[in-house]
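Structure, as structure tokens:
The values are calculated or read from the model by the stated rules, or taken from the named source; none is laboratory data. Note that this is a predicted model, so its numbers are computed, not measured. Neighbour counts run over all protein chains shown; Cβ positions are idealised from the backbone, glycine included.
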Amino acid sequence: MQELVRLAGFFAAHGVWSVSEGATLIPMLGSESASGEQNMARFVMGDLGDAARAGREALEANRDGALRAVIVVDGYVHLDVGKVDALIADAVEYGPQPRSVTVAVPYRPLSSPGGFAVHRPKFLSINGADREEARGLGEAFFAGVDRHEPAAAVWNAHLDDSV
């Protein structure tokens, strides 16, 4: 589960880097093979909803036989402060005992008053981890963020812990 969450952190960071300058994230699927090789595919379509659905279908199909994969899409999450822009990372570890995690990374778009900000990630679901293993997932997520050095620099420069 730690490796899965690190992969989610890495590609969520890439998404933060992408939206930090005002762009809408093109849905992307990041995967990792058993040998540790990482790949990324973007789903470019006329409609972002169609692109997100195509990415989720690719995540479920696992046609390349990845060990684990994550789809990151631009969307919204409902928090105590209301509806907030967020990158949603749905990650799956394939195999006989599949595991999955969904993490939302709320952010404030560049066009908003105050400009771009990234907020604390929110774990929305964790499947396949016991209570002990789930305790270290936040650290694993940020280890993945830190592996993407240019994105981690943007994340840290625009961190807003208020949400």
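Among the candidates Ala52, Ala69, which residue alone is modelled with pLDDT of 95 or more, hydrophobic (A, V, I, L, M, F, W, C), in contact with a Ser or Thr (Cβ under 8 Å, 6 or more places away or on another chain) and outside any loop (DSSP other than H, G, I, E, B)?
That would be Ala69, the only listed residue that is modelled with pLDDT of 95 or more, hydrophobic (A, V, I, L, M, F, W, C), in contact with a Ser or Thr (Cβ under 8 Å, 6 or more places away or on another chain) and outside any loop (DSSP other than H, G, I, E, B).
Could you list all residues from the range 78-89 that are surrounded by fewer than 20 Cβ atoms within 10 Å (Cβ to Cβ) and part of a strand (DSSP E or B)?
Keep residues of the range 78-89 that are surrounded by fewer than 20 Cβ atoms within 10 Å (Cβ to Cβ), which gives 78-85.
Hits for the range 78-89 are His78, Leu79, Gly82, Lys83, Val84, Asp85.
Residue-by-condition table, conditions (1) under 16 Å from the mean Cα position of the chain (by Cα); (2) within 19 Å of Ile88 (Cα to Cα):
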residue: Pro113; (1), (2): no, no
residue: Phe123; (1), (2): yes, yes
residue: Asp130; (1), (2): no, no
residue: Glu139; (1), (2): yes, yes
residue: Gly144; (1), (2): yes, yes
residue: His148; (1), (2): yes, yes
residue: Ala153; (1), (2): no, no
residue: His158; (1), (2): no, yes
residue: Asp161; (1), (2): no, yes
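Which of the residues that make up the range 67-77 are more than 19 Å from Ala13 (Cβ to Cβ) and crowded, with 18+ Cβ neighbours inside 10 Å?
Hit for the range 67-77 is Leu67, nothing else.
For the range 100-115: of the residues being hydroxyl-bearing (Ser, Thr, Tyr) and at pLDDT 95 or above, which is farthest from Gly15 (Cα to Cα)?
Going through the qualifying residues, I end up with Ser100.
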